[in-house]
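For reference, the structure is listed below as structure tokens.
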Amino acid sequence: MDKPDAPLGEISAYLEEGGIVPYLGPGVLDLVPGGSPVPKSPEELVQRLVAKSSVPFKIRGNLTAAAQYIENFKHRKTLVGIMAEAFAPGVPPTALHKYLARIVRKPLLIVDAWYDNAMETALEVRNLWGQVQGVSQSEHFGTWVHYFRPNGMQADPFEADTWDTLLYKPLGSISPEKNFLVSDTDFVEVLTEIDIQTPIPDIVQQLRTGQHFLFLGCRFRNQLERTFARQVMKRSSDRHWAVLPGELTRNEARFLQEQNIIRIDMTLEEFTRRLTGEVGQPEKLAVAV
């Protein structure tokens, strides 16, 4: 059912006041001028994996299963090496990344659920920031996340309390230490504990409390995407937005309804143009559930 137009000014005001947590997905890389130099979807990434290592035909389209096969039969180091090669090229920050990096309200939490370094690079304009990223139990048993300073040095968890911006990379990142959650085993370990929030850092749980979420470049077609979004936004506010153009799957529509996420049926490029070029003005966006 269609709902009345939601003003862009409301979303931009919440962003400027620190009332929204931006949640970035791989689709944000569609905004990179000239095209992304790294995979910008699970489909593109799995094709990169299977091009570098033989994988049975029946799982060649399944990212986590293909990654698991490579890990099992070629060793974890081979999988990490292929991932590192795929995401080695630096990704220039888009207009959206730059806008988010300029928000001055603190504390600011940004969730980036992909492996590239664009948001990290954009945040170099800030003084006090850091990132926390998920790490694989296969490589760091007993540890769920690592904290990093802007210079790439590993930080102690208590340092995060002093940062005015926290970049949370739940799937890991190419930078600074090539941490990747990508195989079936990686996710089984996390999903076993995520319902009780163990893998989600305390600082993230604190900063999300009472916040709205704005999903950008995300899809919710599979259980993994929906589970991560649901658990990261737990105990936040009861009203959120997602920029989701085109036809939704049945599971996506159900997920939006369950989580009270207002759909903005608009391309991310158009949304970003309006957000970054007309911040605070009463332009309206067509929304639907």
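Please treat every number below as a calculation from the coordinates, not as lab data. Computed from a prediction, not measured in an experiment: that's the story for all the values here.
Based on C-alpha pairs under 8 angstrom that are at least 6 apart in sequence, region 42-86 has a relative contact order of 37 percent.
First check a/c for region 217-267, with a ≥ b ≥ c the square roots of the eigenvalues of its C-alpha gyration tensor; if it is under 1.5, answer rounded, and if not, answer prolate when a/b is larger than b/c or oblate otherwise. Judged from the Cα gyration tensor, region 217-267 comes out oblate (a/c at least 1.5, b/c at or above a/b).
The base-10 log of I(q)/I(0) for the chain, evaluated at q = 0.13, 0.15, 0.16, 0.17 Å⁻¹, reads -0.88, -1.20, -1.38, -1.56 [Debye formula, identical scatterers on Cα atoms, solvent excluded]. Size estimate for region 42-86 follows the Kirkwood approach: the inverse of mean 1/r over distinct Cα pairs works out to 10.0 Å.
Taking amide hydrogens as placed 1.01 Å from N in the peptide plane, the amide H of Leu109 sits under 5 Å from those of Leu166, each at least 5 positions away in sequence or on another chain. Computed 3J(HN,Hα) for region 28-34, one whole-Hz value per residue from the Karplus formula 6.51 cos²θ - 1.76 cosθ + 1.60 where θ = phi - 60°, is 4, 6, 5, 7, 5, x, x, glycine and proline marked x. Mean sequence separation of contacting Cα pairs (under 8 Å, at least six apart), scaled by the length of region 3-74, corresponds to a relative contact order of 18 percent.
A cut-off of 5 Å between modelled amide H atoms, ignoring neighbours fewer than 5 places along the same chain, links Trp114 with Leu171.
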